[in-house]
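Just so it is clear, none of the values below were taken in a lab; they were calculated from the coordinates. Just so we're clear, the structure is a prediction, and the values are computed from it rather than from any experiment. Because the Cβ atoms are built from the backbone with ideal geometry, glycine has one as well, and the counts that use them run over all protein chains shown.
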Amino acid sequence: MCEPRYSIYSWRYETLYIANNHRLRQCNAQSTICWEVETPLFLENCWYVAARGEDIGRHLTPRKLLKRNVVLYRLENGAVAALDDACPHRRLPLSKGQLLGDQIECGYHGLQFDCSGRCVAAPTQSRIPPNAVVKSYPTIERWGFVWIWMGERDRADESHLPDIPNYSNPDWGKTEGGTLDIRCNYLWLTDNLLDPSHVAWVHKTSFAAPGADKTELELRTFDDGLIVSRWIKNQSVPPYYASLVKFQGKCDRLQHYEVRLPSTCINRSIFTPAGSGGEEDSEHVDQAYVMISYNFMTPVDDDNSAYYWFQHYNTDPDNEAVAKQLNQGAIAAFNEDREILEAVHVGMRDQLTPNINLGLDAGAVRFRELMKRSIAAEQKD
């Protein structure tokens, strides 16, 4: 992942008021930020996770992505095909048909389509209708996920996939990860994953620890995203990590919350013995424990999202018990987030009175601004 130019901001916990969803003012004297609560459209010329690789086989799998119904299936050569899930005749979902070799046969009148979306058979017709075509989408399989490009085909570029350093490093462990269906707009998820402070209240038995409620935050903005981070010094190791770090006593802890367009969220935690942390490269400190949670949000529609994730850590590469412990803990924590965010989605959608925002929302606000500008630029093109 490239490191474009960026700006740095710091802020404290100040209450910020807005009138009926529209404007958020005064982060601190350095900047003015705006909050757009209304859900925008989606960025399309980018990669989204469509499914976990293991979930796509020699069968038809329907998915809804960015308000579009898509059918996925694995070709005989192992590649993944993706088509609009609708026959052009009467719009019956193709996923209700059957797979014949590498072709889908519609379950209504037997029209057959290859992986490019071209109709190759029309049993009831003397010739194949020239406009019997289904839209197809580029896909690529990487990092255990099937990625789909929902925008202009000729702009699909695999170099735009998120980078995952150390993915193949034999010294690093990884969890199985998982998928959650969450009844909220995907931007509430990115908001949450730019907010280190919520752990003090939402995740009291896992990620919370002294200092998570009020230590000052730093914001760095990039061309394609931003990072909210802070070091919490000389505090206890949170319960979730207590049995995993390789040192005794208190720690210095990095909370690094990063979101990149369109909705890739990277949570990087570093724990070092107290007094030895404080720099970005502190993962190289002796006995440093590094945990990175990779989170990929795929919008389903305005009110629903698919949340994919796995965790990567610099210890215990072959310890299945540790991987299972971490994954179970993550699932429990993400379900805590889900309960909160589904309620937030309904509350913000249906509100009749103004809400307030806090200084800790600065990262979320700036990412929404970036998203709005990026969508506008894409639509202008």
| query | Any idea how far the Cα center of the range 213-227 sits from the one of the range 321-381, in Å? | reply | 15 Å
| task | Could you work out how far apart the two model spin labels at residue 280 and residue 158 are, taking each label as a point 7 Å from the Cα in the direction of the beta carbon, and quote it in nm? | result | 2.8 nm
| field | Calculated [θ] (222 nm, deg cm²/dmol) that DSSP helices of n ≥ 4 give over the chain, each run adding -39,500 (n - 2.57) | value | -5000 deg cm²/dmol
| So what's the convex hull volume per residue for the Cα atoms of the range 178-310, in Å³? | 108 Å³
| request: Please find, in a Gaussian network model of the chain (springs between Cα atoms separated by less than 10 Å), the residue of 44, 218, 279 whose mean-square fluctuation is greatest. | output: 279
| message | Starting from the 7 Å offset along Cα-to-Cβ, what nm value, one decimal, do you get for the label separation of residue 116 and residue 250? | response | 6.6 nm
| request: Can you tell me the order of 346-353, 359-366, 197-204 when each peptide is scored by its average per-residue count of other Cβ atoms within 10 angstrom, highest first? | output: 359-366, 197-204, 346-353
| Which of 67/372; 174/204; 64/214; 246/324 have a Cα-Cα distance over 30 Å? | 64/214
| Cα-based reach from residue 250 at 16 Å (exclusive), listing aspartates and glutamates while leaving out same-chain residues under 8 positions away | 286
| query | In units of 2.2 N^0.38 Å, what is the alpha-carbon radius of gyration of the chain? | reply | 1.08
| request: Report the percentage of all Cα-Cα pairs in the range 47-159 whose separation exceeds 16 Å, rounded to a whole percent. | output: 56 percent
| request: Go ahead and set up a Gaussian network model of the chain, Cα springs under 10 Å, then flag whichever of 167, 137, 308 fluctuates most. | output: 167
| request: Just add up the charged neighbours of residue 124: K/R +1, D/E -1, any other residue whose Cβ is under 13 Å from the Cβ of residue 124. | output: +1
| task | Return the aspartates and glutamates within reach of residue 96: Cα separation strictly under 18 angstrom, same-chain partners fewer than 8 residues apart disregarded; answer none if there are no such residues. | result | 55, 84, 85, 105, 114
| said: Once R0 is set to 45 Å, what does the formula 1/(1 + (r/R0)^6) return for the Cβ-Cβ distance between residue 243 and residue 102, expressed as a FRET efficiency to the nearest 0.05? | reply: 0.40
